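Engineer: My questions will all concern the structure given below.
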Amino acid sequence: MVAFHSRGIALDSLGLGSALVAHEGVTEQVIDAYAPEFVFLHAVPEKDIWPDFAKPAVMQWMETRKYRAQSEVYLSPGYSLRLYSEKPSPEIAKLAEDSHRVNQFSEKQFFLSNIAQPPWRYWHE
């Protein structure tokens, strides 16, 4: 979802958005063809939710190009993505800081404020 909403050139290792990845998998040549400026990988939980689709190839690609961990973007207290890039991005650093601040809530808090509300709460005329 992050790749989709970024409106940038995005490569997902599952191949959902790329026929090239779906047919050939993720290789250094495929990553070079996309030339990503940023790479996001699961950070929390430490054990990826998905199997490590091409993670070793991506890590090797980043190592040879001197990509370094820059920050973590939080989607919830227990789930974040680690951002890697060649150079820091002030905009992404601010996004990461904001994401950590606004996404510090318990599952109970989220449930009570979003799911347990009646549907007519959202109806406006």
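The values are calculated or read from the model by the stated rules, or taken from the named source; none is laboratory data. Here the structure is a predicted model, which means the values were calculated and not measured. Because the Cβ atoms are built from the backbone with ideal geometry, glycine has one as well, and the counts that use them run over all protein chains shown.
Engineer: Scan the range 32-55 and tell me whether some residue there is part of a helix (DSSP H, G or I), under 30 Å from Lys108 (Cβ atoms), of a type outside the set (Phe, Trp, Tyr) and at pLDDT below 75.
Structural biologist: no
Engineer: Shifting gears a bit: What are the residues in the range 13-31 that are in a helix (DSSP H, G or I) and hydrophobic (A, V, I, L, M, F, W, C), if any?
Structural biologist: So the first thing to find is which residues in the range 13-31 are in a helix (DSSP H, G or I), and the list is 19-24, 28-31.
Those that are in a helix (DSSP H, G or I) and hydrophobic (A, V, I, L, M, F, W, C): Ala19, Leu20, Val21, Ala22, Val30, Ile31.
Engineer: Give the residues of the range 71-125 that are hydroxyl-bearing (Ser, Thr, Tyr), out of contact with any Phe, Trp or Tyr (no Cβ under 6 Å at 6 or more places or on another chain) and closer than 17 Å to Phe38 by Cα, sorted by residue number. Before you say what the answer is, go through the steps one by one.
Structural biologist: First, pick out the residues of the range 71-125 that are hydroxyl-bearing (Ser, Thr, Tyr): 71, 74, 76, 79-80, 84-85, 89, 99, 106, 113, 122.
Restricting the remaining residues to those that are out of contact with any Phe, Trp or Tyr (no Cβ under 6 Å at 6 or more places or on another chain) gives 71, 74, 76, 79, 89, 106, 113, 122.
Of everything in the range 71-125, those that are hydroxyl-bearing (Ser, Thr, Tyr), out of contact with any Phe, Trp or Tyr (no Cβ under 6 Å at 6 or more places or on another chain) and closer than 17 Å to Phe38 by Cα turn out to be Ser71, Tyr74, Ser89.
Engineer: Here's something else I'd like to know. Any chance you could count how many residues in the range 59-107 are touching a His at 6+ places or on another chain (Cβ under 9 Å) and of a type in the set (A, V, I, L, M)?
Structural biologist: Final tally of qualifying residues: 2.
Engineer: Out of Tyr67, Tyr74, report the one residue that is among the hydroxyl-bearing types (Ser, Thr, Tyr) and under 14 Å from the mean Cα position of the chain (by Cα). Spell out the reasoning first.
Structural biologist: On the way: Tyr67 fails: under 14 Å from the mean Cα position of the chain (by Cα).
Residue meeting the stated conditions: Tyr74.
Residues are listed down the side, and each one gets a yes or a no for (1) assigned to a helix (DSSP H, G or I); (2) among the hydrophobic types (A, V, I, L, M, F, W, C); (3) surrounded by fewer than 10 Cβ atoms within 10 Å (Cβ to Cβ):
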site	(1), (2), (3)
Lys87	no, no, yes
Ala96	yes, yes, no
Arg101	yes, no, yes
Gln104	no, no, no
Phe110	yes, yes, no
Ser113	yes, no, no
Gln117	no, no, no
